[in-house]
Structure formats: C-alpha cells, structure tokens
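Engineer: Encoded as structure tokens, here's the structure I'll be asking about.
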Amino acid sequence: MGDNKDYTCIKRKSYIWNFIATTINASEAVLVLAFASRIVSLDDVGILTFGFVIANLMLCISKYGVRNFQVSDVNYDYSFYDYFLSRLMTIIFALVAISIFAFFSVLLNDYSLKKLFSTLIIIFIYQIEAFEDVFVAEFQRKGRLDIGAMLFSFRWLITIFAWIIGLVVFKDIFISSLISFLIDLIFASVTCTYIFKNVMKRDKFDKKKSLMILKECFPLCAMLTLSMYIPNAAKYAIDNNMNESVQAIFGYISMPIFVLDIVSFVVFQPLLLEISQDWNKEKYKSIINKLIKLSSFIAIICLGYTFFAFFAGIPLLSLLYGLDLNDYKLCFMILVYGSISLAFLGMFVSVLTIMRKQIASMFVYLFVSIVLFALVNVVFSHSEMLMITIINILCIVLLTIMLGALMIKTLLGKIWS
C-alpha cells in the first residue's frame with residue numbers, strides 16, 4: 001500500500017513539475033521579447049527573435065534527438081555514462097556547426113557584429129540546456145521526471161530573470177544576453193557537477209556504445225533538426241529577404257503557434273515511460289487506448305484555444321508587445337489553426353521513437369522539408385507574408401498526416417500479426 005502511495009505521489013509531482021517546466025520553456029522567449037520590445041528598438045527585437053530561432057536549431061544538433069530514446073530505453077541497453085559521453089560528442093558537433101554558421105553569416109548575409117555576437121550568446125545559452133538535458137532524461141528514465149523538471153525550471157527562471165534585469169539596466173541586447181549566459185553557466189556547472197558526482201551510478205565510459213547511440217539516433221537528430229526548420233521556414237525566408245522589423249512582427253504573431261505543441265508535451269511526456277513499457281510488453285491495445293484518450297483531450301484543448309485566440313489573441317499580443325498588430329489577424333489565425341497539427345505531431349513523433357521507426361520518420365521529414373524549401377523560396381519573391389504562412393502551415397499539416405498514418409499502420413500491423 002505504501003509503495004502505491006509513493007508511486008502516486010511521485011506521478012502527481014511529475015505532472016506538476018513537468019507542467020511548470022514546459023510553461024517556463026514556452027515563456028522564455030515571450031518574456032524576454034516582451035520586455036525587449038519596450039526597451040530596445042524594433043530592429044534589436046528582430047535580432048533577438050531570429051537568435052532564438054537559430055539557437056533552437058543548434059539545440060537540435062546538440063540534443064541529437066536522444067531524449068525520448070534515452071527515456072524509452074527501459075531495458076538499460078545503454079548506461080547513463082554512455083549517454084553522457086554521446087552528449088559531449090554532439091555538443092562538439094554543434095560547436096562546429098555554430099562556427100560554420102558564424103563564418104557564413106558574416107561572409108554571405110553581411111551580419112553586423114552586434115547581430116552576430118548577440119545570436120552566438122543566445123546559442124550558447126541553449127547549449128547549456130543541451131548539456132543539462134542528459135541528466136533530466138536520466139531522471140525521467142528512473143521514474144523521477146519531477147526532479148529533472150525541477151532542475152530545468154530553476155535554471156531557466158534564474159536565466160530569464162537575469163536577462164530581463166540586464167535589459168532594464170543596460171538597455172543592450174548583447175550585454176543582457178551575456179549576463180544571462182554567465183549566470184546560466186555557473187548554475188548549470190554547480191548543479192550538474194554535483195549530480196554527476198553524488199547521484200548518478202558509477203560506471204565506466206564506453207566509447208563504442210556511445211558511438212552506437214549516435215548511429216541509432218542519427219535519424220532522430222535529422223528529424224529534430226528538420227522539425228525546427230519546418231515551423232520556422234517563414235522566419236528563415238524573412239531573414240534572407242526582409243528587414244529586422246518584419247522579423248520582429250512575424251515573431252510576435254507566430255509565438256502562440258507553439259502553445260498547443262507545448263500542451264501536447266505536458267500531457268504526453270509523463271506517460272512516455274508507461275507507453276515504452278507497454279510497447280516492450282506487447283500491450284498494443286493498451287497503447288491505443290492511451291493514445292485515444294490523449295488525442296481526445298488534446299482535441300478539446302485545441303478547440304478551446306482556437307476560440308480564445310480568435311477573440312483575444314491579437315489584442316493580448318498587441319498589449320504584451322506594445323504594438324498594434326490588428327493588420328496581421330488573418331495571418332495570425334492561419335498560424336493558430338495550423339498549430340493544431342503541431343499538438344498531434346509531437347505525440348506521433350514520440351510514439352514512433354518508442355517503436356524505433358526513426359528512419360522511416362526521417363524520410364517523411366526530409367520529403368516535407370524539401371517541398372517546403374522549394375515552395376517558400378519560389379513564392380517569396382512573388383508574395384507577401386500571408387502566402388508564405390499558408391504554405392508553411394499546409395506543409396506542417398501534411399507532415400502530421402503522414403507521420404500519424406505511419407504510427408497507426410505500425411500499431412495495427414502489430415495487433416494483426
């Protein structure tokens with residue numbers, strides 16, 4: 001009886017702290033941009049907006065899509081030390097990619113030093129998250145998502161607070177970002193070092209196993225990287241063809257589209273371990289029942305969210321960022337409707353990872369990305385923001401349908417076999 005109570009208590013705490021961590025994760029850019037919009041120029045806000053986009057892209061490289069793979073490794077085919085060493089390798093990959101980005105940004109895109117260094121600092125802040133993530137994933141694999149989410153939450157709260165204080169005091173996006181990075185680095189160094197030395201089970205590093213993780217997760221890395229490109233394709237096109245002010249405005253109206261994706265993460269992530277265990281035990285009908293319940297809940301949330309966004313979305317965003325955004329309501333609502341697909345997409349990708357269908361999923365991502373890249377770059381010279389947004393959203397819907405079909409086909413194949 002006592003064990004059941006402890007399990008229920010831990011499960012409840014995991015839901016609560018996962019919700020808090022996900023909310024903070026969703027709010028970090030929103031809060032920083034909200035304060036920045038009242039303190040610095042619109043062009044500087046545009047630099048921050050694009051900085052967050054690039055930072056998240058580089059984060060995908062360093063995380064390498066390992067998080068769900070590690071959590072679903074319930075048979076412990078790989079130790080924490082294997083995952084830790086593989087994360088150090090992927091962070092090195094990301095640093096190489098960052099160096100290439102910096103070189104070509106100056107050479108081809110003619111970035112100013114302010115834009116380049118501000119963007120690099122934001123990227124480094126997110127690399128700290130990548131390092132911490134391997135610890136968070138291990139806590140979740142051991143059934144203590146609450147501890148990992150708590151660690152994530154406290155670090156980001158301190159980072160955001162330092163960022164905002166830096167903006168208020170110095171009124172400079174580079175200095176405020178640098179202050180935030182240094183505080184973030186100190187906090188993560190102290191906490192992760194303590195956990196590594198005192199909490200994680202002692203083991204030895206196995207280079208071969210770490211390389212095997214990279215091999216198995218390469219499709220996940222490709223998927224994760226493309227998953228950052230697909231929803232943000234319009235922002236990349238704007239960066240190449242328009243000014244920072246347009247980037248800032250599009251950043252404002254597109255910020256809410258990730259809300260439903262985050263809701264899906266909050267609801268699904270605590271169940272990831274359970275569904276992984278069901279898959280290993282071949283309880284396929286149990287998985288289907290869980291997915292039906294989750295999908296129904298997400299659908300209800302989506303319905304309420306779109307209704308709220310239609311009436312209150314633009315007024316709230318205008319109030320938050322101190323700018324009249326009424327001219328962009330149609331574009332905003334198209335983004336909101338498209339975000340419904342993102343809510344289901346995250347769940348489909350996680351389940352396909354549990355099924356170890358990452359290679360098939362990668363090819364779906366690759367196909368949609370090629371289609372989107374071709375359409376956006378052809379259309380941009382002939383259309384305004386609205387048409388680019390429509391194309392972007394239609395490709396997200398296509399991606400969701402294809403991955404959903406792959407997931408259902410795999411489940412039904414297991415049941416009927």
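Engineer: Identify, among A26, S86, I98, the residue whose Cα sits farthest towards the positive end of the charge dipole of the range 1-101, taking +1 on the Cβ of Lys and Arg and -1 on the Cβ of Asp and Glu, with the dipole about the Cα centre.
Structural biologist: Of A26, S86, I98, it is A26.
Engineer: For K13, K207, what's the fewest-to-most ordering of other Cβ within 10 Å of each Cβ?
Structural biologist: K207, K13
Engineer: Of K142/K409; K171/K329; K290/K357; K209/K409; K142/K357; K357/K409, which ones are farther than 21 Å apart at the Cα?
Structural biologist: Beyond 21 Å: K142/K409; K171/K329; K209/K409; K142/K357.
Engineer: Run the numbers on the chain and let me know its relative contact order in percent, using alpha-carbon pairs under 8 Å that are six or more apart.
Structural biologist: 23
Engineer: Continuing with this model, one more query. What is the sum of charges, Lys and Arg at +1 and Asp and Glu at -1, for the other residues whose Cβ falls under 14 Å from the Cβ of S361?
Structural biologist: Here the count lands on +2.
Engineer: Rounded to whole Hz and in sequence order, give me ³J(HN,Hα) for the range 133-138 from the Karplus expression 6.51 cos²θ - 1.76 cosθ + 1.60, θ = phi - 60°, writing x for Gly and Pro.
Structural biologist: 4, 5, 6, 4, 5, 5
Engineer: Sticking with this one: Only Lys, Arg, Asp and Glu count, each charged at its Cβ (+1, +1, -1, -1), so figure out the dipole size of the range 1-229 about its Cα centre, rounded to 20 debye.
Structural biologist: 520
Engineer: Below 8 Å, C-alpha to C-alpha, sequence gap of six or more: please give me the relative contact order for the range 231-417 in percent.
Structural biologist: 32
Engineer: What's the longest bit of the chain with no exposed GluC sites (Glu not before Pro), using DSSP loop states and at most 14 other Cβ atoms within 10 Å as the test?
Structural biologist: For GluC sites (Glu not before Pro) (loop position, at most 14 other Cβ atoms within 10 Å), the longest site-free span of the chain is 1-281.
Engineer: Of the residues A248, A374, A309, which exhibits the maximal mean-square fluctuation in a Gaussian network model of the chain defined by a 10 Å Cα contact cut-off?
Structural biologist: Its mean-square fluctuation being the largest, the pick is A374.
Engineer: Related question: Hey, in the GNM for the chain with a 10 angstrom Cα cutoff, which one of L273, L57, L319 fluctuates hardest?
Structural biologist: Maximum fluctuation in the GNM of the chain, among the listed residues, is at L319.
Engineer: Filter the cross-link list K208/K285; K63/K207; K63/K201; K11/K285; K63/K285 down to pairs whose alpha-carbon distance in this structure exceeds 25 Å.
Structural biologist: Result: K208/K285; K63/K285 exceed 25 Å.
Values quoted throughout were computed directly from the atomic coordinates according to the rules given, and no laboratory measurement underlies them. Keep in mind it's a predicted model, so treat the numbers as computed, not measured. Note: ideal-geometry Cβ built from the backbone for every residue, glycine included; neighbour counts use all protein chains shown.
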